[in-house]
1. Taking the criterion of being open to solvent by less than 60 Å² (accessible area, probe 1.4 Å), part of a strand (DSSP E or B), within 29 Å of residue 124 (Cα to Cα) and aliphatic (A, V, I, L, M), would at least one residue in the range 47-61 satisfy it?
2. Would you mind listing the strands (runs of 3 or more DSSP E) fully within the range 89-163 where at least 1 residues are among the basic types (Lys, Arg), more than 18 Å from residue 74 (Cβ to Cβ) and open to solvent by 20 Å² or more (accessible area, probe 1.4 Å)?
3. Tell me which of these residue 42 doesn't satisfy, since it passes every other one: (1) under 29 Å from the mean Cα position of the chain (by Cα); (2) surrounded by fewer than 16 Cβ atoms within 10 Å (Cβ to Cβ).
4. In the range 20-30, what residues are under 19 Å from the mean Cα position of the chain (by Cα) and either at pLDDT below 80 or loosely packed, with under 11 Cβ neighbours inside 10 Å (or both)?
5. Do the conditions hold for residue 66, that is, is it open to solvent by less than 60 Å² (accessible area, probe 1.4 Å) and under 24 Å from the mean Cα position of the chain (by Cα)?
Amino acid sequence: MPPLISEDDRDTAVQRLQEAYTEGHISHEELDERLHQVLTAKTHSELVPALASLPEENAGTTSTIAAVSGLIQRRGAWRVPRILKVESALGRVHLDLSRAVIEHPVVDIELQLGTGRAKITVPRDAAVDVEDLRTGWKAPLYKPRRRSRPGGPMIRISGTMGLGRLKIRHTRR
């Protein structure tokens, strides 16, 4: 007899269907039909048809860090989501990706900063793209490296910075 699905499996499947509906991948009628399949499924093989043709579940892993003022900081061995949104009206931001766990070939960092400055440290072999970053006062400080080893992640930085300045550097390690 095949193993029964857990409540966590069922909850994950429902969440994926709701996200697919919200993002316009399935219609309202499809959502109802697939939710019924998920809620009545007893085994994993009964879940498969309900989740067929949905986008990959880890394709949209998004995390948001927000603060009005103060320091927003991530460093050490932290897990970098596929899309990271950072919002701060008055504070400073320091993201250190040098020892972070980066599981995606492309990471999008979306900055929404008012007056604070930001510093982002990227891995030595990372490529950085700041084409979609709008700055109100000063251009970002970034000197691209001559790539020593191919295969590093692409870090795309976008969003809006008011009066602060963004400084990007590659780690020396």
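The values are calculated or read from the model by the stated rules, or taken from the named source; none is laboratory data. Bear in mind that the values here come from a model prediction, so they are computed numbers and not experimental data. Because the Cβ atoms are built from the backbone with ideal geometry, glycine has one as well, and the counts that use them run over all protein chains shown. These accessible areas exclude ligands, DNA and RNA; they are computed on the full protein's heavy atoms, side chains included. Shrake-Rupley method; radii C 1.70, N 1.55, O 1.52, S 1.80 Å.
1. Looking only at the range 47-61, we keep the residues that are open to solvent by less than 60 Å² (accessible area, probe 1.4 Å), and these are 47, 50-52, 54-55, 59-61.
Then drop every residue that is not part of a strand (DSSP E or B), which leaves none.
Checked the range 47-61: no residue is open to solvent by less than 60 Å² (accessible area, probe 1.4 Å), part of a strand (DSSP E or B), within 29 Å of residue 124 (Cα to Cα) and aliphatic (A, V, I, L, M).
2. Numbers: elements: 92-96, 106-113, 118-122, 127-129, 133-135, 154-161.
The strands (runs of 3 or more DSSP E) meeting that bar are 133-135.
3. (1)
4. Taking the range 20-30 as the starting set, the residues that turn out to be under 19 Å from the mean Cα position of the chain (by Cα) are 20, 22-23.
22, 23, listed by residue number.
5. Details: open to solvent by less than 60 Å² (accessible area, probe 1.4 Å): no; under 24 Å from the mean Cα position of the chain (by Cα): yes.
No; evaluated as a whole, the condition is false for this residue.
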